1. Using the per-residue mean of other Cβ atoms lying within 10 Å as a proxy for protection, in what order, highest first, do the peptides 159-166, 239-246, 257-264 fall?
2. Tally Lys/Arg at +1 and Asp/Glu at -1 over every other residue whose Cβ is under 13 Å from the Cβ of Gly200; what's the total?
3. Starting from the 7 Å offset along Cα-to-Cβ, what nm value, one decimal, do you get for the label separation of Val197 and Glu163?
4. Could you give the length gained on full extension between Tyr302 and Leu238, defined as 0.36 nm per residue of separation minus the Cα-Cα distance, in nm?
5. In a shell of Cβ-Cβ distance under 12 Å around Ser161, excluding Ser161 itself, what net charge do Lys and Arg (+1) and Asp and Glu (-1) give?
6. Using the alpha carbons of the chain, what is the convex hull volume per residue in cubic angstrom, as a whole number?
7. Under 1.5 on a/c is rounded, so check that first for the range 182-246, then, if it is not, pick prolate when a/b is larger than b/c and oblate when it is not; a ≥ b ≥ c are the square roots of the alpha carbon gyration tensor eigenvalues.
8. Which lysines, if any, have their Cα less than 19 Å from the Cα of Lys199, not counting same-chain residues under 8 positions apart?
Amino acid sequence: MSRTTLIPFGPQHPAFLEPLNLSLKLSEETVIGVEINYGYNHRGLEKALTSDFRRSIYMCERVCGICSFFHSTAYCQSLESLFQAEVPERARYIRTIMMESQRLTSHLLALGHTAEAIGYESLFMQLFRERESIMRMVNDISGNRVHYSMNTIGGVRRDISAEQQADVITKLDGLEVRFQELAEIFEKDPTIRARTVGKGVLTEEMARNYGVVGPVARASGLAQDLRDTYSQGLNFHLVVREEGDAYARSMVRVEEVLRSIDLIRQTVSELPGGPLQAPVKGNPKGEAFTRLEAPRGELLYYVKAKGTADLERIKIKTPAFVNVAALSAMVPGCEMADIPVITVSVDPCICCTER
């Protein structure tokens with residue numbers, strides 16, 4: 001009869017960028033159960049965001065440093081619905097460029113973190129080198145590397161010049177060529193395949209039951225991506241795989257890096273003229289919500305306003321909240337040594353989960 005052991009994994013662990021605790025129940029080296037514990041990063045941001053709606057644009061970008069522009073975009077779109085403001089077409093295009101650029105930095109971070117968890121340090125460094133090129137690109141456009149501070153209610157605060165457009169195309173062309181080589185390593189390298197294929201399997205049925213979103217859902221066969229509704233009419237191809245394991249989740253992100261490069265290239269080449277902002281006056285009143293496809297999946301903002309500068313309620317639903325919960329279905333049956341790779345393949349974000 002095998003002995004059962006309880007082992008705490010986290011909240012401090014080299015595989016975790018942020019504090020998360022997995023209480024693992026093991027039989028010898030095999031995981032037979034897991035309890036997920038949050039609570040180390042709660043900041044009370046939903047309450048703090050109910051202050052002056054104009055200042056909250058700045059604060060909502062601090063919900064998450066990896067997908068900050070998505071948070072400010074979702075917030076601004078909710079307020080724009082309350083004000084019935086028609087965002088200029090050029091501003092919508094610029095938002096798309098910045099969102100897809102941030103998706104690139106997020107996916108490259110997740111892939112690099114996966115390579116590091118496997119022990120593939122050279123691949124990790126190469127992926128972060130490519131990520132740095134995108135961060136410098138967005139810094140040239142917005143003046144910031146992480147929190148772009150480009151959104152405002154009714155549009156955007158900064159334009160993209162013709163010179164910057166040409167620079168974006170040049171950098172994307174270089175990234176695409178270099179990343180193709182890294183994508184081939186992820187696809188075919190025997191070390192990566194040995195550590196990811198068949199590890200942390202989440203079937204399509206389990207994915208539906210847990211309500212997972214983003215690359216985690218698409219890696220399990222769920223064809224869902226809110227970018228499919230882009231109003232610009234861009235040529236968008238959905239990436240879906242059927243395996244549902246850590247390898248599939250990584251390969252979805254690999255392919256989506258190339259899709260994002262293509263989307264940015266399309267958007268920059270078709271960038272229309274016109275103003276950057278629509279006029280917005282007064283205080284908001286009513287209820288509105290916005291859904292966006294953030295790098296980790298569906299991001300939802302609900303805003304309730306009472307006709308004053310201070311908002312009555314803001315509710316944020318982040319993708320990592322449901323994706324991390326699905327670990328309870330992924331890890332039973334795996335080996336203890338597989339836990340870091342499986343956890344990283346979900347791309348957990350604790351700061352936005354706990355807010």
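1. 257-264, 239-246, 159-166
2. With Lys, Arg at +1 and Asp, Glu at -1, the net is -2.
3. 5.0 nm
4. That pair, Tyr302 and Leu238, stretches by 20.4 nm at full extension.
5. Taking every other residue near Ser161 into account, the sum is -3.
6. Dividing the Cα hull volume of the chain by its residue count gives 125 Å³.
7. Note, shape of the range 182-246 comes out oblate.
8. Lys25, Lys188
Values quoted throughout were computed directly from the atomic coordinates according to the rules given, and no laboratory measurement underlies them. Just so we're clear, the structure is a prediction, and the values are computed from it rather than from any experiment. A quick note on method: Cβ atoms are made from the backbone with ideal geometry, for glycine too, and the neighbour counts reach across all protein chains shown.
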